[in-house]
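> Here it is, the structure, as C-alpha cells.
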Amino acid sequence: MNMNAFTHRVLGTLTVFAVLLTSGCRENNESGILNLNTTLSWHGVELSIGDTVYDYMNRPVRPEKFNCYVSNLSLRSEDGEWINSSSISRLDFIPFSASANGEFSPPKLRCSDTFNAIKFNVGVPSELNQGIDPTSYPNSHPLSVSGSAGMRWDMNNSYFFVKFEGKLAEEDGGSIEIPFALHPATDPLYRTVVIETNAFSFHANDDLEFQLDLDLGRALEGNAGDLDLSQVGHSMGEVPKAIMFMDNLTTSWTLKE
C-alpha cells in the first residue's frame, strides 16, 4: 500500500469516528428546550391575579392583569460565554403562572456543556419592536396580530413590554376603586434579568425546566424606589414612574429552590 492510500484510509477512519462521536452526543440532531415557569408573589407570599394585597401605606391593592414579553433567553457557560436562543415569549399570568421557553440549536450546544446562569430580557428587542408588519407573522407567533392582542401599541407602531393593571383603595379599609395602569413600551425601557444558578448540564435533545418567582410587590416597592399607585394613573413610555417600575422589576425575579 502506498503512502497516499494509507493516509486517505486513516483520514476516512477518523472522519467516521468523529461522526459517530457527534451522533452519540446529539442523537437525532434535535434542539435543546429550556423552559422558565414563573409564578407570582407579593413580598414573598403567593399571589393570584384578583387577590387583594397591601402596599407600603397599608392600602388594599387588587392586581387585575399582568402580561409581559420575555426575549433572548440565554445561558452562560462555565467559561463565561453567553449562548442566546433568540427567543421571544408572551407571558400572560392567569391567574398566577406563565411560561417562557428558548430553543437552543445543536450547533450552539457542545456535548458536555455546563452552565451557571440564565439571562433574559423583559420587552421586545428593538429590531423587532418597530418597522415590522405583525401580519407577517403566523397567528401562533407572540408578535402576530393574534398573538400580540392587547399588547400592540398601534399609535406608536410597536409593542407594550409589560401591562400591569389593577385598582387600589384611597386608604386602609376604603373601597378598591382607584385604577392604575403601568404600560412600559419604548426601547429605553428594555431591561435585562440575570439569575445565577448552581452548575447544570444542558445538551441537544434535552427538555429542561426552571421554576422562577416574580415578586410584584418588589416590582412596586424595590431598590429603585416605592411607587405610589394612587399617583400612577396611566404610565406608558419613558416616564419616571415607568422607569422606576422597570428598574424594580429587573430585580424581582428569583430562582425557586
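No value in this document is a laboratory result; all are computed from the given coordinates. A quick note: this is a predicted structure, and the numbers were derived from the prediction, not measured. Counting neighbours? That spans all protein chains shown, and the Cβs are built from the backbone with ideal geometry, glycine included.
> Within 10 Å of each residue's Cβ, count the other Cβ atoms and sort Val193, Val124 from fewest upward.
Ascending Cβ contact count within 10 Å gives the list Val193, Val124.
> Right, here's the next one. In degrees between 0 and 90, to the nearest 10, how far off the longest principal axis of the chain does helix 240-250 point, with axes built from Cα atoms?
Between the helix axis and the principal axis of the chain, the angle is about 40 degrees.
> Mark the label point 7 Å from the Cα of Asp206 along Cα→Cβ and return the residues of the range 54-79 whose backbone N is within less than 17 Å of it.
73-79
> With each label point set 7 Å from Cα along the Cα-Cβ vector, what nm distance links His43 and Asn223?
2.0
> Beyond 31 Å, what share of the Cα-Cα pairs of the chain is found? Please give it as a whole percent.
35
> Counting only pairs 8 or more residues apart or on different chains, how many lysine pairs in the chain have their Cα atoms under 22 Å apart?
Close lysine pairs under the 22 Å cut-off: 8.
> What spacing in nm lies between the two simple spin-label points modelled at Asn58 and Val194, each 7 Å away from Cα in the Cβ direction?
Between Asn58 and Val194, the simple spin-label model gives 4.0 nm.
> Now a separate question. So what are the ³J(HN,Hα) numbers for the range 172-183, from phi and the Karplus equation (6.51, -1.76, 1.60; θ = phi - 60°), rounded to whole Hz, Gly and Pro as x?
These are the phi-based 3J(HN,Hα) values: 4, x, x, 6, 7, 9, 7, x, 9, 8, 9, 10 Hz.
> Return the whole-Å distance between the Cα centroid of the range 193-257 and the Cα centroid of the range 141-186.
With the range 193-257 and the range 141-186 each reduced to a Cα centre, they are spaced 16 Å.
> Here's another thing I want to ask about it. Starting from the Cα of Asp154, step 7 Å toward the Cβ, then list every residue of the range 121-139 with an amide N under 17 Å from that point.
131-136
> A further question on this structure: Quick one: dipole size for the chain, taken about the Cα centre, charges +1 on Lys/Arg Cβ and -1 on Asp/Glu Cβ, in debye to the nearest 20.
Around 840 debye, computed over the chain.
> How long are the three semi-axes of the equivalent ellipsoid for the range 25-147, computed from the Cα gyration tensor as the root of 5 times each eigenvalue, in whole Å, largest first?
Semi-axes from the Cα gyration tensor: 32, 21, 13 Å.
> If one takes the longest principal axis of the Cα atoms in the chain, at what angle in degrees, from 0 to 90 and to the nearest 10, does the Cα axis of helix 3-25 lie?
Value to nearest ten degrees: 30.
> I'd like the antiparallel share, as a percent to the nearest 5, of DSSP beta bridges with both residues in the chain.
Bridges in the chain are about 80 percent antiparallel.
> Quick one: of the DSSP bridges fully inside the range 150-245, what percent are antiparallel, nearest 5?
Here the antiparallel bridges make up roughly 75 percent for the range 150-245.
> Let me ask something additional. Along the Cα-to-Cβ line of Val239, 7 Å from the Cα, sits a label point; which residues in the range 170-189 have backbone N less than 14 Å from it?
Within reach of a label on Val239, which here means backbone N under 14 Å from a point 7 Å along Cα→Cβ, the range 170-189 contributes 179-186.
> Can I ask one more? If you put +1 on each Lys and Arg Cβ and -1 on each Asp and Glu Cβ, how big is the dipole of the range 108-219 around its Cα centre, in Debye rounded to 20?
Dipole about the Cα centre, nearest 20: 420 debye.
> Continuing with this model, one more query. Give me Thr192, Thr250 ranked fewest to most by other Cβ atoms within 10 Å of their Cβ, as a rough exposure proxy.
Listing Thr192, Thr250 from fewest to most nearby Cβ atoms yields Thr192, Thr250.
> What relative contact order, as a whole-number percentage, does the range 31-255 give when Cα pairs under 8 Å and 6 or more residues apart are counted?
Result for the range 31-255 is 26 percent.
> Quickly estimate the mean residue ellipticity at 222 nm for the chain, helices only: each DSSP H run with n ≥ 4 gives -39500 (n - 2.57), and the total goes over all residues, rounded to 500.
-5000 deg cm²/dmol
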